[in-house]
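The values are calculated or read from the model by the stated rules, or taken from the named source; none is laboratory data. Every value quoted in this text rests on a predicted model; they were computed, and no experiment measured them. All Cβ positions, even for glycine, are placed from backbone atoms using ideal geometry, and neighbour counts span all protein chains on display.
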Amino acid sequence: MFHASIFTLYPDMFPGPLGASLSGDALARGVWALETRNIRDHGQGRHRAVDDTPAGGGPGMVIRADILAASLDAGIPDGDARPRLLMSPRGRPLTQARVRELAAGPGVVIVCGRFEGVDERVIEGRGLEEVSIGDYVLSGGEIPAMVLLDACVRLLPGVMGKLVSGSEESFENGLLEYPHYTRPREWEGRAIPDILLSGDHAKIEKWRRAESERLTRERRRDLLK
Ligand code: SAH
């Protein structure tokens, strides 16, 4: 079973949106498991402090290496083979290919940063792999963790059935997906392209491929190598 362990200062945020729809049903059916650990349980003093001011000065606060490491060491069993990810705008951008790899494995350990981030030494010392969900900055790693988990969970066997077994979705074949239509046949003067109603599957396939290529060229030239 795909097992996700989340290290966060805000465990109440989970499962959040992951508790609804496909991922929520799959969670209830035991297709995947979600566990949260509050980093603050290992905080120091009366206020259970987890952060301190940045060495060298500057704004914000940094999550302490010793406290995050204590939380990880207490929460991850010896010999646990799951990748240990740190959500971070500095990380390697998440791709559908990486999502597929993760979904095929035993699960993930995810550390959610807050404030300015975490002490560099715990990233090195606990072998955390930094993963970004895009070139913008959010206030915490919880939403990025949910993004990553949602992308993985929908690929688990039995979650979406044959819907994603094909390789036609955006990014799966290096292209954006072709446009979709459904009833009614005409809406506000706009008709469904004739070819999609022709019943000629070879032609439909060709049209979809051409549309995929056109959209990718127009919107995401970077995907075309
Ligand atoms: N000072 C950091 C940003 C900290 S944002 C910097 O300039 O790189 C606070 C936390 O939010 C981060 O530790 C990370 O866990 C999360 N976060 C913010 N943006 C993210 C993104 N694009 N991808 C993944 N995690 C992100």
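Quick check: anything in region 159-179 of a type in the set (A, V, I, L, M, F, W, C), within 30 Å of Gly79 (Cα to Cα) and under 21 Å from the mean Cα position of the chain (by Cα)? The answer is yes; a qualifying residue exists. Look at region 66-85: where a residue is surrounded by 18 or more Cβ atoms within 10 Å (Cβ to Cβ) and a partner is among the basic types (Lys, Arg) and assigned to a loop (DSSP other than H, G, I, E, B), sitting 6+ places away or on another chain with Cβ atoms under 9 Å, you get Leu68/Arg126; Leu72/Arg126; Arg84/Arg126.
Assess whether Glu129 counts as being within 7 Å of the ligand (Cβ to nearest atom), surrounded by fewer than 17 Cβ atoms within 10 Å (Cβ to Cβ), touching a residue at least 12 places away in the same chain (Cβ under 8 Å) and not polar (S, T, N, Q). When the stated conditions are applied, Glu129 does not pass them.
Any residue that is under 30 Å from Leu18 (Cα atoms) and surrounded by 13 or more Cβ atoms within 10 Å (Cβ to Cβ) - is there at least one of those in region 180-203? Taking every residue of region 180-203 in turn, at least one turns out to be under 30 Å from Leu18 (Cα atoms) and surrounded by 13 or more Cβ atoms within 10 Å (Cβ to Cβ).
Of all residues in region 123-165, those satisfying the criterion of being of a type in the set (S, T, N, Q) and at pLDDT 95 or above are Ser132, Ser139. All of (1) among the acidic types (Asp, Glu); (2) closer than 30 Å to Pro93 by Cα; (3) not in a loop (DSSP other than H, G, I, E, B) hold for Glu205 with one exception: (2). Residues in region 87-112 that are within 7 Å of the ligand (Cβ to nearest atom) and farther than 13 Å from Ser5 by Cβ: Met87, Ser88, Pro89, Arg90, Gly91. Please specify each residue of region 132-161 satisfying the condition of being within 16 Å of the ligand (Cβ to nearest atom), of a type outside the set (Gly, Ala, Ser), surrounded by 15 or more Cβ atoms within 10 Å (Cβ to Cβ) and in a loop (DSSP other than H, G, I, E, B). Correct list: Ile133 only. Being within 14 Å of the ligand (Cβ to nearest atom) and in contact (Cβ under 8 Å) with a residue 60 or more places away in the chain is a property that Asp51 has. Among the residues of region 113-126, the ones that are assigned to a loop (DSSP other than H, G, I, E, B) and either more than 7 Å from the ligand (Cβ to nearest atom) or not assigned by TED's automatic domain parsing to the domain that holds Asp12 (or both) come to 2 in all.
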